[in-house]
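Q: First the structure, then my questions, so here it is.
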Amino acid sequence: MRRQLVALCSVGVLALSGCGSTPEHAAPTTPIHSTAPLPSIAPAPAPSGQPTTVPGPGSAARRVLATWSRPRLDYHHWWAGLRPLLNAEGRQDYAYTDPSQIPRLTLTGLAVVRRSPVATAATVWFDTDHGLFGVRLSRRSPTAPWLAAEIIFPRHPQPKPQSKPPSHPTTGFDHASL
């Protein structure tokens with residue numbers, strides 16, 4: 001029984017040791033929008049007898065964010081580009097989005113990939129000119145392409161608490177000294 005418990009704990013530690021954040025390519029102050037075609041997330045055909053490779057979650061998330069962040073497109077063109085990059089959850093959530101309400105983003109830092117303990121989920125974070133955006137990705141198997149489920153908006157900073165309450169406007173007394 002004790003051996004089984006030690007073995008189970010060892011497997012858990014090994015599985016979690018692969019979790020963490022790894023920077024992925026995205027040059028600082030890189031506009032997401034350009035006239036260059038977006039990289040494909042579908043595996044390229046491999047020469048006969050060689051395995052195909054799937055781009056990493058950082059590349060897939062960057063493409064999702066670039067395709068999503070096109071507020072000047074009409075809905076039909078915007079949706080035609082974004083729909084194939086989304087899983088069923090993402091398609092349901094973004095099907096009725098008005099692209100004119102989406103900010104046009106420019107990357108201002110490196111992408112940070114946070115992988116899940118399983119090989120089929122990750123979240124990628126991007127510093128942009130509108131704050132920190134994330135893209136939650138999943139895939140059906142470790143060799144399937146990454147698809148987006150959610151685009152995570154920046155959290156607005158909370159106001160910092162004052163070190164002491166202000167004095168009363170009428171009496172001028174400091175509430176902390178009462």
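The values are calculated or read from the model by the stated rules, or taken from the named source; none is laboratory data. This one's a predicted model, so the numbers in the text were calculated from it and none came from an experiment. A quick note on method: Cβ atoms are made from the backbone with ideal geometry, for glycine too, and the neighbour counts reach across all protein chains shown. For the accessible areas, the whole protein counts, side chains as well, though only heavy atoms, and no ligand, DNA or RNA atoms are used. Shrake-Rupley method; radii C 1.70, N 1.55, O 1.52, S 1.80 Å.
Q: Quick one: is SER163 open to solvent by 30 Å² or more (accessible area, probe 1.4 Å), of a type in the set (Ser, Thr, Tyr) and at pLDDT 95 or above?
A: no
Q: Something else about it: Since HIS130 meets every condition but one in (1) open to solvent by 80 Å² or more (accessible area, probe 1.4 Å); (2) touching a Pro at 6+ places or on another chain (Cβ under 6 Å); (3) touching a residue at least 60 places away in the same chain (Cβ under 8 Å); (4) of a type outside the set (Val, Ile, Thr), which condition does it not meet?
A: Every condition holds for HIS130 apart from (3).
Q: Also, I was wondering about something else. Do any residues in the range 95-108 that are assigned to a loop (DSSP other than H, G, I, E, B) have Cβ atoms under 8 Å from those of residues that are of a type in the set (Asp, Glu) and surrounded by 14 or more Cβ atoms within 10 Å (Cβ to Cβ), where the two are at least six apart or on different chains, and which pairs are they?
A: THR108/ASP127
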